[in-house]
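> What follows is a structure written as structure tokens; I'll ask about it next.
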């Protein structure tokens, strides 16, 4: 694939990662705009106008491609406009909320921030434990199998002993009004997904419906089922087991489990508010759909600390722009409360893996530091013409990424700052054994095995920055790199 050699550089690789992340979110949730904002908020280390339209185009193509194949699965190839993503939250067109509920949404966001901070703290310690003791593939597979068997066993036992049987909600009831018909708002479109689990025909087991259903089905049940579908005690038990499994199992993913636990969290708020307002005059029953959505946003926002992108993703999933204010205040509340305790899950794993990713804001300790605290009186500097042995020693004994280049100046002295050269540039120079100002032959993508003939052709090309970019990062660090002969080190 030499035709694509022009894309093998840091700039294009960085843009490809951003486009891929946007396309993945767009395909999963049917939210192309949310995918672009997700990359902007969490995934990209650099942004410009060109990258904006690239990521948007990739997200749109991803959404269209998925919708095209989904139409084929429904035996209607080319008929688009139905399901846009692999995961759907269900219809929210008839869901409403009251203005006085906005402070409740803020409190729910604060609770989600506390739970998210707890999850991040537990996940950090479990990740360190797994990095130390679970390293081979066999142990990883064994861990996944043991956790799956344990969680499934507990879920089955709880469903069999604590689960309650209830009559199935109406599927498509139609009420007659003056000779005409209208669809009942209490109709439940996901009745066929409810789990019977040893209950009589025409009934369902509430706990089995939550614990033994696929994650997407359980989320839809928590969002759209009528308020009294699940018993309070079983709802608390399922929420506790979901949270325990989510906190302890690092292999279950992030988005779907967080939405599931958050939906159960929102359903608990629904039951609590309905119980408090039961005897209040003119009090309306709270809508479980909006509280389930807010609970999911609070949990996911408390873990990831996303605000703008998560708001747009959920708005695109629901198709109801009126949820914008409840979602954004919930996510801001979850972010502020969570940041009081620790960082978001993405930042935690970036620091855990020691990736060179610069944060948007400096650490709290850095706000009290000055430049003098990180400066030294005797910096490691190089001249425009320097010995290869000295450069080798600098690269082997230091860890910083750049070295000042100094020259003699009649006014300012012998160490006048002329510029800076990066570690990777010096590494490429040593790896290519480029010890003369004139280079006998251009760089290849593979370093030479023998020293260059520096006394060769005088009409050779000089080393350029593009050559270094093309060669980097194919060459290792100096301590594991090429050994220079004594003639070149001297």
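The values are calculated or read from the model by the stated rules, or taken from the named source; none is laboratory data. Keep in mind the model is a prediction, meaning the values are calculated, not measured. Every residue, glycine as well, gets a Cβ built from its backbone with ideal geometry; the counts of neighbours run over all protein chains shown.
> Checking residue 383 against (1) modelled with pLDDT of 80 or more; (2) crowded, with 16+ Cβ neighbours inside 10 Å, which single condition isn't satisfied?
Of the numbered conditions (1) modelled with pLDDT of 80 or more; (2) crowded, with 16+ Cβ neighbours inside 10 Å, the odd one out for residue 383 is (2).
> Another question, then. Could you please give the count of residues in segment 6-43 that are modelled with pLDDT under 90 and not in a helix (DSSP H, G or I)?
3
> Identify the single condition in (1) in contact (Cβ under 8 Å) with a residue 24 or more places away in the chain; (2) surrounded by 14 or more Cβ atoms within 10 Å (Cβ to Cβ) that residue 70 does not satisfy, given that it satisfies every other one.
Every listed condition holds for residue 70 apart from (1).
> Another question about this same structure. Which of the residues that make up segment 361-412 are closer than 30 Å to residue 434 by Cβ, part of a loop (DSSP other than H, G, I, E, B) and more than 34 Å from the chain's Cα centre (by Cα)?
Looking only at segment 361-412, we keep the residues that are closer than 30 Å to residue 434 by Cβ, and these are 376, 378-409, 412.
Next, from what is left, pick out any that are part of a loop (DSSP other than H, G, I, E, B): 376, 378-381, 384-387, 398-401, 412.
Selection gives 376, 378, 379, 380, 381, 384, 385, 386, 387, 412.
> Moving on to the next point. What are the residues in segment 393-433 that are more than 18 Å from residue 375 (Cα to Cα) and touching a helix residue (DSSP H, G or I) at 6+ places or on another chain (Cβ under 6 Å), if any?
395, 396, 425, 426, 428
> Run residue 46 past the list (1) under 18 Å from the mean Cα position of the chain (by Cα); (2) in a helix (DSSP H, G or I); (3) not assigned by the TED database to the domain that holds residue 256 and report the number of the one that doesn't hold.
(2)
> Scan segment 386-401 residue by residue and report those that are surrounded by 14 or more Cβ atoms within 10 Å (Cβ to Cβ) and in contact with a strand residue (DSSP E or B) (Cβ under 7 Å, 6 or more places away or on another chain).
391, 394
> Here is a check on your reading of the model: is residue 243 at pLDDT below 90 and within 24 Å of residue 106 (Cβ to Cβ)?
On the way: at pLDDT below 90: yes; within 24 Å of residue 106 (Cβ to Cβ): yes.
It is true that residue 243 is at pLDDT below 90 and within 24 Å of residue 106 (Cβ to Cβ).
> Please verify whether residue 87 is within 18 Å of residue 318 (Cβ to Cβ) and assigned to a loop (DSSP other than H, G, I, E, B), treating the condition exactly as stated.
Details: within 18 Å of residue 318 (Cβ to Cβ): yes; assigned to a loop (DSSP other than H, G, I, E, B): yes.
The answer is yes for residue 87.
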